[in-house]
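**Student:** Input: one structure, supplied below.
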Amino acid sequence: MSIDQATVARIAALARIRLTDAQREAAAVELSRILDWVAQLDEVDTSAVEPLRSVMPISPTLREDIVSDGGRPEDVLRNAPQRSGDYFVVPKVVE
Amino acid sequence: MTSELTRLTLSGALERLSRRELSAVELTAAHLDAMAAARELNAFITETPDCALAMAEASDARRARGEVGPLDGIPLAVKDLFCTSDVLTTAGSRILDGFRPPYESTVTARLWQAGAVCLGKTNLDEFAMGSSNMTSAFGPVRNPWTRPGENEALVPGGSSGGSAAAVAARLCLGATGTDTGGSIRQPAAFTGTVGLKPTYGRCSRWGIVAFASSLDQAGPMARTVRDCALLLEVIAGYDPKDSTSADLPVPRFSAAVGRSLAGLRIGVPREYRVDGMPDEIERLWQAGAAWLRDAGCELVEISLPHTRYALPTYYIIAPAEASSNLARYDGMRYGLRVQGDSLTDTYMATRGEGFGAEVKRRVLIGTYVLSAGYYDAYYLKAQRVRRRIADDFTQGFEHCDAILTPTAPSAAFRAGEKMDDPVAMYLNDVFTVPVNLAGLPAISVPAGLSDDGLPLGLQVIGRPWDEETVFAVAAALESAAAFDHLPYGLEA
């Protein structure tokens, strides 16, 4: 499986990661190699095998649907790159 | 600068503390001195000496009042993937720039509740993605071991390389690690220390920076099997904040150390005899089998036929989960923000600058295998092969009670080696990754030296929830191997 630079650019846009031209070139080569390597999985017959999503059969524990924590705006906001009062400041979203 | 106090084992220090021959403050101060003298290892990202001494004083006060926790006064290091309240938490990445969590991870909270003392946060591969500690944004960790007579820097393994180096260099009595594909066991093997990955669900993942959520598990690293068992007794257990933590009783794991192995069946998987495995690894493995036979075990050959597919399966599933988990680093609520022309541009600039090369590589692979048109061919296929791998172990355990393998296919390698070939780097984890895919408990025990004079580890894999047998077998190996070598330069 060969990944070209246009594909890398498309994935990088989906992943919201800016790449330099050099990084995009390198990624095309590295990703192609890794995908070639994982292609060996095609040798395994999995036609009758269900995907394994959760490795331990742990049944989730239910609890009352009540607020158990919260009301701590200072804790929530203390690491904000930019804030105004009790709000995060983010770049303009609506043009 | 190590001292008599930093050379104690965790269990030995507990005894001395309980006999009042030693105070927590003395013990902590000795470790802080050792840390200050070993900064060239770069094992710590953040040292917390003031906090450590305050915790040690509080421990001595508790002891004077007779209120003693199971780890009271024991100085520990914490992998910088665990959130620690008000203490810088980096995950080895620039993208968490300046992040001071307002909360404490469950595992570390349990340690402090048990009276342990926090020395600081240890270095790691960025977001725990690596096998060499070379991908940390805070620079590589140096293995305290070198080849005899040489000064060339070797890697401590990864991703819990800072924790492993700190334990090996006698900078702490134990440490926490996390293990997604071998990140506790491989660095333990590379540094001559003991590290356990518990059964998936044994320890809470709450407050641990997530890498691949179906594989990640926290575990102890220390210098003896018993010390690891004592740490696991404290950090294990159900946590309502992690729906994948198991609501099961926590056994007294340390009671399994020294237990008789008579009649135990030990599986030796024939598929682990991989092409090109060095003779020294093969010899160590055979020595381990002989020690267990002498301890009363029956050795049986077993087959885990899908072993060779474990690494490629892992390198689809782990990046897929990582690409999803790391989507949260968007520069809006915490950490680095690199301003762009628009919201999307700010996301792209922040993540482009904040993530290092290996993290970008894995997020890109993960995004690709989850993207429309490729999901079935890669991601679902990998989940199907994962079931085959897990089923192999289930069938293997019909014939044995524990499995013995080498931990890694080589000893520690040179800093910078394998950096230009991701696949060669991934092969380090060939013996450890299948265990994560199956969710099983496994330990690495130092068992001997390579021809180059570097530590090598043996791995013991157990059935789900049977850490006790893992500890019992590991203790027998430990006792037979009598590994008492110290990193060169630390010898008395």
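**Student:** Treating only the Cβ atoms of Lys and Arg (+1) and Asp and Glu (-1) as charged, compute the dipole magnitude of the stretch B:87-201 about its Cα centre; round to the nearest 20 debye.
**Tutor:** 200 debye
**Student:** In addition: Using label points projected 7 Å from each Cα along Cα→Cβ, tell me how many nm separate A:Glu43 and B:His485, to one decimal.
**Tutor:** So the label points at A:Glu43 and B:His485 sit 3.4 nm apart.
**Student:** Let me ask something additional. Just order B:177-188, B:135-146 by mean Cβ neighbour count inside 10 Å, highest at the front, would you?
**Tutor:** Order by mean packing, descending: B:177-188, B:135-146.
**Student:** Roughly how crowded by other chains is peptide B:6-12, in terms of the mean Cβ count from those chains within 10 Å of each of its Cβ atoms?
**Tutor:** 0
**Student:** Going by a ≥ b ≥ c, the root eigenvalues of the Cα gyration tensor, does chain B fall in the rounded group (a/c under 1.5), the prolate group (a/b larger than b/c) or the oblate group?
**Tutor:** The shape class here is rounded.
**Student:** Using heavy-atom solvent-accessible surface (probe 1.4 Å) with all chains present, what is the largest-first order of B:His399, B:His485?
**Tutor:** Result of the area sort, largest leading: B:His399, B:His485.
**Student:** Moving on. Give me a comma-separated list of calculated 3J(HN,Hα) values for the stretch B:191-203, in order, Karplus coefficients 6.51, -1.76, 1.60 applied at θ = phi - 60°, integers in Hz, x for any Gly or Pro.
**Tutor:** 10, x, 10, 9, x, 10, 9, x, 4, 4, x, 6, 10
**Student:** Tell me whether the stretch B:10-256 comes out rounded, prolate or oblate; compute the Cα gyration tensor, take square roots of the eigenvalues as a ≥ b ≥ c, and use a/c under 1.5 as the rounded threshold.
**Tutor:** rounded
**Student:** Further question on the same structure: Does anything in the stretch B:289-305 have its amide N under 12 Å from the 7 Å Cα→Cβ label point of B:Ala262, and if so which residues?
**Tutor:** Under cut-off, by backbone N: B:296-297.
**Student:** Another question about this same structure. Hey, in the GNM for chain A with a 10 angstrom Cα cutoff, which one of A:Ile66, A:Ile11, A:Ile58 fluctuates hardest?
**Tutor:** A:Ile66
**Student:** Let me ask something else. How long is the gain from B:Met419 to B:Gln395 if the chain were fully straight, where each residue apart is worth 0.36 nm and the alpha carbon distance is subtracted?
**Tutor:** Answer, rounded to one decimal: 5.0 nm.
**Student:** Separate question: Specify whether the C-alpha gyration tensor of the stretch B:345-433 places it in the rounded, prolate or oblate class, a ≥ b ≥ c being the square roots of the eigenvalues: rounded for a/c under 1.5, otherwise prolate if a/b is larger than b/c and oblate if not.
**Tutor:** oblate
**Student:** Quick one: which of B:316-324, B:276-284 comes out on top by average Cβ neighbours within 10 Å, and what's the full order, highest first?
**Tutor:** Most protected by this proxy first, the peptides run B:316-324, B:276-284.
**Student:** Right, next: Just to verify a number: FRET efficiency for B:Leu53 and A:Arg78, C-beta to C-beta distance, R0 = 35 Å, to 0.05?
**Tutor:** 0.85
**Student:** Please work out the FRET efficiency for the pair B:Val250 and B:Asp376, using the Cβ-Cβ distance as r and a Förster radius of 35 Å; give the result to the nearest 0.05.
**Tutor:** Efficiency for this residue pair is about 0.30.
**Student:** Tell me, what HN-Hα J-couplings in whole Hz come from the Karplus equation 6.51 cos²θ - 1.76 cosθ + 1.60 at θ = phi - 60° for each residue of the stretch B:28-35, using x for Gly and Pro?
**Tutor:** Here the 3J(HN,Hα) series is 5, 4, 4, 6, 5, 4, 5, 4 Hz.
**Student:** OK, next. Using the beta-carbon distance between B:Asp345 and B:Lys241 and R0 = 41 Å, what value does 1/(1 + (r/R0)^6) give for FRET efficiency, to the nearest 0.05?
**Tutor:** After rounding, the FRET efficiency stands at 0.70.
**Student:** Sticking with this structure for a sec: Which order do the peptides B:245-255, A:45-55 take when ranked by the mean count of other beta-carbon atoms within 10 Å per residue, highest first?
**Tutor:** By packing density, highest mean first, the sequence is B:245-255, A:45-55.
**Student:** Nearest 5 percent is fine: what portion of the DSSP beta bridges confined to chain B is antiparallel?
**Tutor:** So the antiparallel bridges in chain B amount to around 65 percent.
**Student:** Could I ask something else about it? Using only the Cα atoms of the stretch B:49-159, each taken as one equal point scatterer with no solvent, compute I(q) by the Debye sum, divide by I(0), and report log10 of the ratio at q = 0.14, 0.21 Å⁻¹.
**Tutor:** Evaluating at q = 0.14, 0.21 Å⁻¹ gives log10 I(q)/I(0) of -0.67, -1.06.
**Student:** Still on this model: For A:Ile66 and A:Gln5, calculate 0.36 nm times their separation in residues minus their Cα-Cα distance, and state this gained length in nm to one decimal.
**Tutor:** Computed gain between A:Ile66 and A:Gln5 is 17.0 nm.
**Student:** For peptide B:302-313, how many partner chain Cβ atoms fall within 10 Å of a residue's Cβ, on average?
**Tutor:** That works out to 2 on average.
**Student:** Within straight cross-link reach of B:Lys381, meaning Cα distance under 25 Å, which lysines are found once same-chain residues fewer than 8 apart are removed?
**Tutor:** Straight-distance partners of B:Lys381: B:Lys360.
**Student:** May I pose another question? Take every DSSP beta bridge with both residues inside the protein assembly as shown and express the antiparallel ones as a percent of the total, to the nearest 5.
**Tutor:** Percentage antiparallel, nearest 5: 70.
**Student:** How shielded is A:86-92 by partner chains, expressed as the average number of their Cβ atoms within 10 Å of its Cβ atoms?
**Tutor:** 4
The values are calculated or read from the model by the stated rules, or taken from the named source; none is laboratory data. Since we're looking at a predicted model, the values are computed, not measured. We place every Cβ from the backbone using ideal geometry, glycine too, and count neighbours over all the protein chains shown. Protein only, heavy atoms only, side chains kept; ligands, DNA and RNA dropped before computing areas. Shrake-Rupley method; radii C 1.70, N 1.55, O 1.52, S 1.80 Å.
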